[in-house]
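Peer 1: Handing you this structure, nothing more for now.
The values are calculated or read from the model by the stated rules, or taken from the named source; none is laboratory data. Keep in mind the model is a prediction, meaning the values are calculated, not measured. Using ideal geometry, Cβ is built from the backbone for each residue, glycine included, and neighbour counts are taken over all protein chains shown. Remember, those area values only see protein heavy atoms, side chains included, never the ligands or the DNA or RNA. Shrake-Rupley method; radii C 1.70, N 1.55, O 1.52, S 1.80 Å.
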Protein chains: 2
Amino acid sequence: MSQSINQRVVLAKRPVGRPDPNDFRLEQSSVPSPGEGEVLLKVEYLSLDPYMRGRMSDAKSYAEPVAVGATMVGGTVARVVESRHPDYAEGDLVLSYSGWQRYALSDGSGLRRLDPKLPPTTALGVLGMPGFTAYSGLLTIGRPRPGETVVVAAASGPVGSAVGQIARIKGARAVGIAGGAEKCRLLREHFGFDVALDHRAPDFAAQLAQACPDGIDVYFENVGGKVWDAVLPLLNEFARVPVCGLIAQYNAHGRAEGEDRLPAVMYAVLSRSLTLRGFIQREFVAEQFPSFLRDMGGWVESGEVRYLEDVVDGLENAPGAFIGLLEGANLGKLIVRL
Amino acid sequence: MSQSINQRVVLAKRPVGRPDPNDFRLEQSSVPSPGEGEVLLKVEYLSLDPYMRGRMSDAKSYAEPVAVGATMVGGTVARVVESRHPDYAEGDLVLSYSGWQRYALSDGSGLRRLDPKLPPTTALGVLGMPGFTAYSGLLTIGRPRPGETVVVAAASGPVGSAVGQIARIKGARAVGIAGGAEKCRLLREHFGFDVALDHRAPDFAAQLAQACPDGIDVYFENVGGKVWDAVLPLLNEFARVPVCGLIAQYNAHGRAEGEDRLPAVMYAVLSRSLTLRGFIQREFVAEQFPSFLRDMGGWVESGEVRYLEDVVDGLENAPGAFIGLLEGANLGKLIVRL
């Protein structure tokens, strides 16, 4: 491996608002050598996910920001190419958190050996962090009951599409919201949502009200913004809102002027006994990951849960693909093949 | 009783913003006679509570609004003065929901016979709806653990004072917020809060931060407004916020202009895995009222929970006392003696 060159994408500077290609920089270095107890990993697939926008900022968050000049973080599927670790052998395929780079060292902590019978990219999507986010948030916080109405936005993405399909497996109605006719068609035809709505429609709020004649029992929030405004008046007494993401406001910066929407939200929380609960999937990993792999693995195998991947080639294309992701440009789980 | 005159306070018109004495009207009528299966109740004590402000409005809420011209609703302690109901005898003291009037009929539904050994007014306060609100909301949603920090505003009121005392019984630190030096002294000396803070202090937010060096684990919300703004940055990961009331915004009307505080709140909910959960105590009555009466009755008897009542004489003074309640003018549970 010593003749190879490592390539990595580092955070060049912190974005203000929408990230720009110049916020990233492609760097080269030599491939490192594993020490005793380490493995050298060659990354085959890199996952691109909305949470990475948060890591680019230094605002207080649940995780440390990426330092300026450091390699962008991210989940990866990697091959062990050299091992000085007793548990891993050359050729093993593992899930790792190696970030936006071709080669990485690991002391084995946080690695998970992948089942060679499954497509490796599923470990980054439907059977990985996004799928587990949907599973744990929907079932632990949302707790949909048969006949209830579950609404999810960004519904064609890897989290939203799993939310809708799991909701239906649990006997609930699934209403999916996405941007544009193509994504809405996908929701109906590929993912089996009961209703698909385009949030860009001028009468979107009215369409949502019509699609939810019995109100909304679970709103899986991963968008924020105008979709939330349309959802709020429809939430039923005792509705549950797992707050998983706010992609519509990730690129916002500065103070939000205009109407203060907080009093109306707090009044709704009070008068309709709503639950708003933020979560990061890692909270539930220890307790639920085994049951997730069993349930979701079974559903994927049986075809009850379908998934969609959007694979981009080349590490150098990761920044552009990521910027597009924040604007909803892709269809399905965004993965970079290295 | 037939020679007596009934008196009642009706809603004369719906208030816009702060209620005004002219929003109420004192009316007289003859005392009704109980039919078969009914009792005639003579109200001895009327409870005045912030939730009544909501009933005066016709905004969508968890309960029907009081109709214009109808008797104001409210919890009462009443004496059975004539009974044609098999379960009640003349002279029985009951908890009823007779509203702002001297006499009322009841078919027995919703009546609870009171223990004659306890002061009857406690059934409206520490051993009644306000005490149960504190108990059920704090223990079911707040779930304070030993060593955690519990913050409550309107802390000298019947709900807040019970929240603080139950938090301490459960091993948590209790930080109480109230308006003015006299109420703060009461929090420390009468109710045993660890810290008492005056929200009118110009450096209130800094004082709160200093009083919570390990952050806030439970914020029992019954105020809203500026107190919430000071609490939000201090909430710890996984903090719980039972939303029980928003007295600071009950009198608000129209759109709130200025900074939109919602994005910052949603971001905090997401990034710190917060739980915001609105509730009305009746949700928990069937399951928890017996344990409440046992626990809280024991704590009151042992002196571990203390209470304070502010008794006003005369039904005609109820409107003025209620208006004062919304402005924090009273000390302790506000009760009208008829």
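Peer 1: Taking a probe of 1.4 Å and counting only protein heavy atoms, give the total accessible area buried between chains B and A in Å², rounded to the nearest 100.
Peer 2: 3600
Peer 1: Mind listing the phi-derived Karplus ³J(HN,Hα) values for the range A:105-119, rounded to whole Hz, using 6.51, -1.76 and 1.60 with θ = phi - 60°, and x for any glycine or proline?
Peer 2: Calculated HN-Hα couplings, in order: 8, 8, 8, x, 6, x, 7, 9, 6, 9, 5, x, 7, 9, x Hz.
Peer 1: What does the charge dipole of the range B:48-161 about its Cα centre add up to, to the nearest 20 debye, if the Cβ of each Lys and Arg holds +1 and the Cβ of each Asp and Glu holds -1?
Peer 2: Once rounded to the nearest 20, the dipole reads 260 debye.
Peer 1: Kirkwood hydrodynamic radius for the range A:89-217: how many Å is it when counted over pairs of different Cα atoms?
Peer 2: For the range A:89-217, inverting the mean 1/r across all distinct Cα pairs yields 16.4 Å.
Peer 1: GNM, chain B, Cα, under 10 Å: largest mean-square fluctuation among B:Val227, B:Val77, B:Val269?
Peer 2: B:Val269
Peer 1: Skipping prolines and chain starts, which residues have an amide H placed within reach, meaning under 5 Å, of the one on A:Ala239, given they are 5 or more residues away or on another chain?
Peer 2: A:Thr275
Peer 1: In Å and on Cα atoms, what radius of gyration and Dmax does the range A:129-278 show?
Peer 2: Answer for the range A:129-278, Rg first and Dmax second: 14.3, 42 Å.
Peer 1: Assume the label is 7 Å from Cα along Cα to beta carbon: what separations in nm does B:Pro32 have to the matching positions in the other copies?
Peer 2: Reported distances to equivalent positions: 8.1 nm.
Peer 1: Defining the label point at 7 Å along Cα→Cβ, can you sort the distances from A:Pro21 to the same site in each other copy, shortest first, in nm?
Peer 2: Output for A:Pro21: 7.4 nm, nearest copy listed first.
Peer 1: If you don't mind, another one. Over the Cα atoms of chain B, Rg to Rh with Kirkwood Rh, two decimal places?
Peer 2: My calculation of the ratio gives 0.98.
Peer 1: Please report Rg over Rh for the range B:1-49, where both radii come from the alpha carbon positions and Rh follows the Kirkwood definition.
Peer 2: 1.08
Peer 1: Give, in whole angstrom and from largest to smallest, the semi-axes √(5λ) of the equivalent ellipsoid of the range B:286-338, with λ running over the eigenvalues of the Cα gyration tensor.
Peer 2: 28, 13, 11
Peer 1: While we're here: Counting alpha carbon pairs within less than 8 Å and at least 6 residues apart, what relative contact order, in whole percent, applies to chain B?
Peer 2: 17
Peer 1: Follow-up question, since we're still on this one. Using the Kirkwood radius over Cα pairs, work out the Stokes-Einstein diffusion coefficient for the range B:26-153 at 10 °C and 1.306 mPa s, in µm²/s as a whole number.
Peer 2: D = 96 µm²/s.
Peer 1: If I build a Gaussian network model for chain A, linking alpha-carbon pairs within less than 10 angstrom, which residue out of A:Asp194, A:Asp87, A:Asp229 has the largest mean-square fluctuation?
Peer 2: In this elastic network of chain A, the residue with the biggest mean-square fluctuation among A:Asp194, A:Asp87, A:Asp229 is A:Asp87.
Peer 1: Could you check what % of the DSSP bridge pairs in the protein assembly as shown are antiparallel, to the nearest 5?
Peer 2: 55
Peer 1: DSSP beta bridges in the range A:90-227, what fraction antiparallel, as a percent rounded to 5?
Peer 2: That works out to approximately 15 percent antiparallel.
Peer 1: Take the residue pairs A:Lys13/A:Lys117; A:Lys117/A:Lys333; A:Lys170/B:Lys226; A:Lys226/B:Lys226; A:Lys117/A:Lys170; A:Lys13/A:Lys42 and return only those whose Cα atoms are more than 32 Å apart.
Peer 2: Those over the limit are A:Lys13/A:Lys117; A:Lys170/B:Lys226.
Peer 1: Give me the dipole magnitude in Debye, nearest 20, for chain B about the Cα centre, with unit charges on the beta carbon: positive for Lys and Arg, negative for Asp and Glu.
Peer 2: Dipole about the Cα centre, nearest 20: 220 debye.
Peer 1: Next up: Taking the label point 7 Å from Cα in the Cβ direction, how far apart in nm is B:Glu64 from each other copy of itself, listed shortest first?
Peer 2: Its label point is 6.1 nm from the equivalent points in the other copies.
Peer 1: Give the Cα extents of the protein assembly as shown along the principal axes, in whole Å, largest first.
Peer 2: Cα extents, longest axis first: 106, 52, 44 Å.
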